[in-house]
Amino acid sequence: MNWTVFIIECVVMMAVFGCLVFGMLLANPLTFISDYPPEIQERYYRSQHKEAGKEVLTKLMVVKKVTALIVCSFLFAWMAHTAGAVTFLEGLLAIYGYILVWAVFDTCILDWLMFPNIKRVRLPGTEDMDKAYHQKWFHVKVMIPVIPVAVIGGAFMALLMTWIW
């Protein structure tokens, strides 16, 4: 494995992911409303005089999520191959590394540092809820299940990598 390539891929991945997330939030602050702590969601719905509805999984949403999963699977398999992974184990470790870097970046940089401190991406009516936006434990609890699930996803992507390349 070429660790320099792996690190460069991780930096590029974090930059692209950060730009995508912020672009979507700037276009529509409600994009990730279900990812906010419950008290922020409650205040938003109350201040906007809206009912908090259960998000219904439409056919279009299923297609988008499955497409994103397929694209990410091939992308991570290609990245592992590009970093020099040849065997299944090397691919699994590389892909698991990408997923962990992604999860830690999302939690520590985006959720802990950026979102709480950039008022422009706060939900309307919740701009004054500094304490609620700075909840670190809420975001850690969301990230913890990613760790074991990433092994399963990583194994699938590593198989894909060894099969294609």
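Between a first residue in the stretch 15-28 that is farther than 23 Å from Pro124 by Cβ and modelled with pLDDT under 95 and a second residue that is surrounded by 12 or more Cβ atoms within 10 Å (Cβ to Cβ) and among the hydroxyl-bearing types (Ser, Thr, Tyr), which pairs have beta carbons less than 7 Å apart while being 6 or more apart in sequence or on different chains?
Close Cβ pairs satisfying both conditions: none exist.
Quick one: which residue in Leu110, Leu100, Leu60 is over 20 Å from Phe17 (Cβ atoms) and either at pLDDT 90 or above or assigned to a helix (DSSP H, G or I) (or both)?
On inspection, the qualifying residue turns out to be Leu60.
So is Ala158 over 18 Å from the mean Cα position of the chain (by Cα), modelled with pLDDT of 95 or more, within 20 Å of Val12 (Cα to Cα) and among the small types (Gly, Ala, Ser) or not?
No, not satisfied.
How many residues does the stretch 87-138 hold that are acidic (Asp, Glu) and in contact (Cβ under 8 Å) with a residue 24 or more places away in the chain?
Residues in the stretch 87-138 being acidic (Asp, Glu) and in contact (Cβ under 8 Å) with a residue 24 or more places away in the chain: 3 in total.
Return the total of residues in the stretch 18-34 being part of a helix (DSSP H, G or I) and crowded, with 16+ Cβ neighbours inside 10 Å.
3
Kindly list the number of the only condition in (1) surrounded by fewer than 13 Cβ atoms within 10 Å (Cβ to Cβ); (2) in contact (Cβ under 8 Å) with a residue 12 or more places away in the chain; (3) not small (Gly, Ala, Ser) that fails for Leu57.
Condition not satisfied by Leu57: (2).
With respect to Ala158, is the statement that it is touching a Ser or Thr at 6+ places or on another chain (Cβ under 9 Å), of a type in the set (Gly, Ala, Ser), under 26 Å from Gly84 (Cβ atoms) and surrounded by 11 or more Cβ atoms within 10 Å (Cβ to Cβ) true?
Yes, satisfied.
Within the stretch 35-48, restricting attention to residues that are aromatic (Phe, Trp, Tyr) and assigned to a helix (DSSP H, G or I), which residue is nearest to Asp106 (Cα to Cα)?
Tyr44
What are the residue pairs meeting all of these: first residue in the stretch 63-75, first residue more than 15 Å from Phe156 (Cβ to Cβ), second residue aliphatic (A, V, I, L, M) and loosely packed, with under 10 Cβ neighbours inside 10 Å, Cβ atoms under 9 Å, and 6 or more apart or on different chains?
Lys65/Leu57
Taking the stretch 63-90, which residues are part of a helix (DSSP H, G or I) and not hydrophobic (A, V, I, L, M, F, W, C)?
Lys64, Lys65, Thr67, Ser73, His81, Thr82, Glu90, listed by residue number.
Being part of a helix (DSSP H, G or I) and surrounded by 13 or more Cβ atoms within 10 Å (Cβ to Cβ) is the filter here, so list the residues in the stretch 135-150 that pass it.
Within the stretch 135-150, Phe138, His139, Val140, Val142, Met143, Val146, Ala150 qualify.
Please pick out the residue among Leu93, Leu123 that is under 25 Å from Val11 (Cβ atoms), more than 13 Å from the chain's Cα centre (by Cα) and either hydrophobic (A, V, I, L, M, F, W, C) or not in a helix (DSSP H, G or I) (or both).
Leu93
The values are calculated or read from the model by the stated rules, or taken from the named source; none is laboratory data. Since this is a predicted model, take the numbers as computed values, not measurements. Because the Cβ atoms are built from the backbone with ideal geometry, glycine has one as well, and the counts that use them run over all protein chains shown.
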